[in-house]
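Engineer: There's a structure below that I have some questions on.
The values are calculated or read from the model by the stated rules, or taken from the named source; none is laboratory data. The shown structure was predicted, so the numbers you read here are calculated from the model rather than taken from an experiment. Ideal geometry is used to build each Cβ from the backbone, glycine not excepted, and the neighbour counts take in all protein chains shown.
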Amino acid sequence: MSYGFVKVATAIPRVVIADCKENAKEIKSLIVEAEQQEAQVVVFPELSITGYTCGDLFAQSTLLHSAKEALREITEFTRGMDVIVIVGCPLALHSKLYDVAAIIYRGKIQGIVPKQTPSDDQRYFFPQTNTENSFVKLDYQDKDEIIFGNQLLFSLKGLAFAVEVGNSWTRLASESAKQILAGADVVFNPSACYDLIGNYAYRKMMLSATSARYLCGYVSASCGSGESTTDVVFGGHGFIYENGELLAEAERFDTKSQLIISDIDVESLRNKRMKSNNLKVAVSSTKIPKYEEVTIPAKEKSTSLTRPINPTPFIPQEQMLDERCNEVFNIQVSGLCKRIAHTHCKTAVIGISGGLDSTLALLVCAKAFDKLGRSRQDIVGITMPGFGTTGRTYQNALSLMKSLGISIREISIKEACIQHFNDIEHDINTHDVTYENSQARERTQILMDVANQLNGMVIGTGDLSELALGWATYNGDHMSMYGVNASVPKTLIQSLVLWIADHHVDGDSATTLRDIVDTPISPELIPADEQGNIKQKTEDLVGPYELHDFFLYYTVHHGFRPKKIFYLARQAFKGKYEDEVIKKWLTTFCRRFFNQQFKRSCLPDGPKVGSVSLSPRGDWHMPSDASSAEWLKECDEI
């Protein structure tokens with residue numbers, strides 16, 4: 001596996017009912033294709049060797065003998081191949097007929113999993129009521145005994161998987177639930193699901209919910225083209241899920257055979273399961289049958305990544321962006337409404353710079369006061385021009401405050417800072433960290449004191465990306481009385497502001513908001529250039545926020561090591577950033593993320609909006625003096 005990914009495939013062959021030889025030929029063709037595409041495991045539908053809709057022909061010795069020979073042929077065909085094959089067939093054992101899945105690797109059947117409860121139309125198949133695994137012999141496998149049963153867990157390096165035959169995922173206590181609690185990373189599901197109105201959507205919903213609830217991968221192959229259409233039609237449902245996310249699916253009602261491939265991130269699933277309190281409780285409180293581990297001697301192989309990697313993991317696809325923005329905005333607004341009501345403050349005081357963060361915070365304030373039935377005049381927006389303030393940001397700040405109808409105050413910080421530099425004997429021409437941070441602290445002092453004057457609350461503007469990098473002045477813009485943006489990353493803030501421009505404000509405000517989004521991100525603490533343009537651009541100093549948000553997501557949400565994050569970033573930003581650029585800023589991220597933890601250890605309150613948050617109270621517990629040596633060492637080795 002490459003960086004914890006396992007490449008899996010679901011195969012939907014075109015079957016010929018009761019023609020096992022022809023079906024074996026089609027299955028072998030798909031096995032070859034799966035190996036050529038580097039799949040490590042491929043699953044076929046239930047009873048794919050015979051076809052699912054053979055009916056009473058399953059009681060015919062001719063069909064059963066032909067199925068047995070086809071299974072032998074497929075098993076022998078895999079000798080020398082590096083793909084694990086899961087194929088469905090009927091199997092007669094001791095005067096009983098079972099609907100089974102055979103797990104095959106390199107010319108040997110590694111195990112056989114029977115269907116626990118055959119469907120109503122499978123009147124010749126026996127249920128597997130015995131909870132104990134047993135051993136069976138097939139006369140063509142060198143007289144080796146093959147393990148047979150439902151309590152089987154197949155393992156190879158970096159992956160543990162189970163096989164669930166049929167649609168038991170529809171039951172309240174599904175077999176897959178027990179398998180996952182027993183340690184399976186991925187469940188492979190040979191099944192047969194015919195198409196009725198609503199069946200497809202229901203199946204997707206259930207499989208998505210199963211993989212999300214149990215933090216697992218779920219790979220399902222259901223019967224398709226060629227099955228009998230006497231009474232129902234099988235559309236060929238093929239799905240690959242990971243933690244609720246659909247990675248790939250087959251095209252329904254296709255008349256040709258299909259092979260669908262994607263990569264399941266087993267490392268991510270395992271990391272999430274380690275942190276899941278729900279699974280810890282389930283494992284400790286559920287009576288889980290004893291599963292026998294079957295080790296498959298599969299070779300470890302490096303594979304290329306098939307699945308696309310989203311370069312903006314905090315921003316969903318277009319069709320879900322509206323819903324995401326609406327949800328985040330409402331969480332922010334609701335959090336602020338509660339805090340204002342609880343504190344009985346008369347005003348909300350907020351510093352308006354004309355930048356993205358203060359813009360979003362102001363929009364949240366305006367909406368919160370609307371919901372509370374309060375006048376927007378009780379929102380006091382203070383613009384505080386300094387040495388680096390440019391005309392563009394200054395005008396945008398004023399325009400936005402005017403169009404939103406809030407109270408406006410302008411308090412220059414220049415004279416106060418000059419006095420402060422004189423007091424501490426700092427040369428005003430030395431534009432160092434003292435020069436910059438003095439301005440940030442002066443602005444915070446003004447906001448706090450005005451809030452005291454007006455019985456108000458200072459609304460924080462800093463965002464999640466800045467917190468991750470420590471890109472904030474300690475006890476400056478780092479501090480507030482409620483930080484509405486505290487768990488919103490910079491990349492999402494841009495999308496949020498544009499969404500609000502489209503849905504929640506009038507034309508003048510919308511025009512200003514779009515210009516704010518187009519303005520380079522800057523703290524504006526260094527004087528502008530000779531043309532009055534922003535000279536100090538944040539992304540030139542700490543790196544592109546889209547990269548840092550990517551690094552943040554995979555560090556905190558997934559717990560990945562730098563080498564894997566670099567590997568994913570190369571895929572996500574291919575053609576946009578050179579490898580050395582990604583490495584440079586990943587190293588910067590790792591260094592700053594550790595070194596700046598002390599700023600996150602004393603954050604003001606603020607609402608959590610997503611799965612990644614750095615609040616020290618409930619989300620990110622990290623010592624302020626933790627060493628970054630191992631992470632930086634790995635960055636050096638990239």
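Engineer: Restricting attention to the stretch 441-455, does a residue exist that is of a type in the set (A, V, I, L, M, F, W, C), modelled with pLDDT of 95 or more and under 27 Å from the mean Cα position of the chain (by Cα)?
Structural biologist: Narrowing the stretch 441-455 to residues of a type in the set (A, V, I, L, M, F, W, C): 446-448, 450-451, 454.
If we keep only those that are modelled with pLDDT of 95 or more as well, we get 446-448, 450-451, 454.
This time we only want the ones that are under 27 Å from the mean Cα position of the chain (by Cα), so: none.
No: the stretch 441-455 contains no residue that is of a type in the set (A, V, I, L, M, F, W, C), modelled with pLDDT of 95 or more and under 27 Å from the mean Cα position of the chain (by Cα).
Engineer: Which one of the conditions (1) under 25 Å from Asn23 (Cβ atoms); (2) crowded, with 24+ Cβ neighbours inside 10 Å; (3) in contact (Cβ under 8 Å) with a residue 40 or more places away in the chain does Val187 fail to meet, given that it meets all the rest?
Structural biologist: If we test Val187 against (1) under 25 Å from Asn23 (Cβ atoms); (2) crowded, with 24+ Cβ neighbours inside 10 Å; (3) in contact (Cβ under 8 Å) with a residue 40 or more places away in the chain, just (3) comes out false.
Engineer: Residue check, Phe135 against (1) surrounded by fewer than 16 Cβ atoms within 10 Å (Cβ to Cβ); (2) under 35 Å from the mean Cα position of the chain (by Cα); (3) not in a loop (DSSP other than H, G, I, E, B), all met but one. Which one?
Structural biologist: Among (1) surrounded by fewer than 16 Cβ atoms within 10 Å (Cβ to Cβ); (2) under 35 Å from the mean Cα position of the chain (by Cα); (3) not in a loop (DSSP other than H, G, I, E, B), Phe135 violates only (2).
Engineer: I'd like to check something: does the stretch 331-344 contain any residue that is more than 17 Å from His504 (Cβ to Cβ), aliphatic (A, V, I, L, M) and surrounded by 21 or more Cβ atoms within 10 Å (Cβ to Cβ)?
Structural biologist: Yes; the residues of the stretch 331-344 include at least one that is more than 17 Å from His504 (Cβ to Cβ), aliphatic (A, V, I, L, M) and surrounded by 21 or more Cβ atoms within 10 Å (Cβ to Cβ).
Engineer: Right, here's the next one. Given (1) in contact with a Lys or Arg (Cβ under 8 Å, 6 or more places away or on another chain); (2) closer than 19 Å to Asn167 by Cβ, where does Ile86 come up short, assuming only one miss?
Structural biologist: For Ile86, the exception is condition (1).
Engineer: Which strands (runs of 3 or more DSSP E) does the stretch 152-222 wholly contain that include 2 or more residues that are assigned by TED's automatic domain parsing to the domain that holds Ser134, within 14 Å of Phe239 (Cβ to Cβ) and small (Gly, Ala, Ser)?
Structural biologist: On the way: elements: 152-156, 159-163, 186-191, 217-222.
Fully inside the stretch 152-222 and qualifying: 217-222.
Engineer: Do you know which of the residues in the stretch 598-613 that are of a type in the set (D, E, K, R) and in a helix (DSSP H, G or I) is farthest from the chain's Cα centre (by Cα)? Full working, then the answer.
Structural biologist: Step one: filter the stretch 598-613 for residues of a type in the set (D, E, K, R), giving 599-600, 605, 608.
With the extra rule that they be in a helix (DSSP H, G or I), the set shrinks to 599-600.
Details: Lys599: 27, Arg600: 24 Å.
Across the stretch 598-613, the extreme among qualifying residues is Lys599.
Engineer: To continue, here is another question. From the list Glu73, Glu46, pick out the single residue that is acidic (Asp, Glu) and within 23 Å of Ser134 (Cα to Cα).
Structural biologist: Working: Glu73 fails: within 23 Å of Ser134 (Cα to Cα).
On inspection, the qualifying residue turns out to be Glu46.
Engineer: Follow-up question, since we're still on this one. Identify, from the list Val484, Val497, Val517, the residue that is touching a residue at least 40 places away in the same chain (Cβ under 8 Å), at negative phi, within 27 Å of the chain's Cα centre (by Cα) and surrounded by fewer than 18 Cβ atoms within 10 Å (Cβ to Cβ).
Structural biologist: Numbers: Val484 fails: surrounded by fewer than 18 Cβ atoms within 10 Å (Cβ to Cβ); Val497 fails: surrounded by fewer than 18 Cβ atoms within 10 Å (Cβ to Cβ).
Exactly one residue qualifies, and that residue is Val517.
Engineer: Within the stretch 245-264, can you find the residues that are of a type outside the set (A, V, I, L, M, F, W, C), part of a strand (DSSP E or B) and farther than 17 Å from Ser29 by Cα? So that I can check it myself, show each step before the final result.
Structural biologist: The first filter runs over the stretch 245-264 and keeps only residues of a type outside the set (A, V, I, L, M, F, W, C), leaving 245, 249, 251-252, 254-258, 262-263.
Subsequent filtering for residues that are part of a strand (DSSP E or B) retains 245, 249, 258, 262-263.
Glu245, Glu249, Ser262, Asp263 - these are the residues of the stretch 245-264 that are of a type outside the set (A, V, I, L, M, F, W, C), part of a strand (DSSP E or B) and farther than 17 Å from Ser29 by Cα.
Engineer: Moving to a separate point now. Among the residues in the stretch 85-101, are any part of a loop (DSSP other than H, G, I, E, B), crowded, with 16+ Cβ neighbours inside 10 Å and within 38 Å of the chain's Cα centre (by Cα)? Step through it out loud before you land on a result.
Structural biologist: Step one: filter the stretch 85-101 for residues part of a loop (DSSP other than H, G, I, E, B), giving 94-95.
Applying the additional criterion that residues be crowded, with 16+ Cβ neighbours inside 10 Å yields none.
No, the stretch 85-101 has no match at all.
Engineer: What are the residues in the stretch 276-294 that are assigned to a helix (DSSP H, G or I) and surrounded by 11 or more Cβ atoms within 10 Å (Cβ to Cβ), if any? Spell out the reasoning first.
Structural biologist: Within the stretch 276-294, the first condition is being assigned to a helix (DSSP H, G or I), and the residues that meet it are 277-285.
Selection gives Asn278, Leu279, Lys280, Ala282, Val283.
Engineer: Does the stretch 557-570 contain at least one residue that is out of contact with any strand residue (DSSP E or B) (no Cβ under 9 Å at 6 or more places or on another chain) and under 30 Å from His431 (Cα atoms)?
Structural biologist: The answer is no, given that none of the residues of the stretch 557-570 is out of contact with any strand residue (DSSP E or B) (no Cβ under 9 Å at 6 or more places or on another chain) and under 30 Å from His431 (Cα atoms).
Engineer: Within the stretch 431-440, is there a residue that is touching a strand residue (DSSP E or B) at 6+ places or on another chain (Cβ under 7 Å), buried (at least 22 other Cβ atoms within 10 Å of the Cβ) and not charged (D, E, K, R)?
Structural biologist: No, the stretch 431-440 contains no residue that is touching a strand residue (DSSP E or B) at 6+ places or on another chain (Cβ under 7 Å), buried (at least 22 other Cβ atoms within 10 Å of the Cβ) and not charged (D, E, K, R).
Engineer: Which count do you get for residues in the stretch 577-593 that are in contact with a Phe, Trp or Tyr (Cβ under 7 Å, 6 or more places away or on another chain) and over 12 Å from Ile565 (Cα atoms)? If you could, list the steps in order and put the result at the bottom.
Structural biologist: Going through the stretch 577-593, the residues in contact with a Phe, Trp or Tyr (Cβ under 7 Å, 6 or more places away or on another chain) turn out to be 582-583, 586, 589-590.
From the residues that got through so far, the ones that are over 12 Å from Ile565 (Cα atoms) too are none.
Adding up the residues that qualify gives 0.
Engineer: Another question, then. Kindly indicate whether Asn167 is on the phi > 0 side of the Ramachandran plot, crowded, with 16+ Cβ neighbours inside 10 Å and of a type outside the set (Lys, Arg).
Structural biologist: Taking the combined requirement at face value, the residue does not satisfy it.
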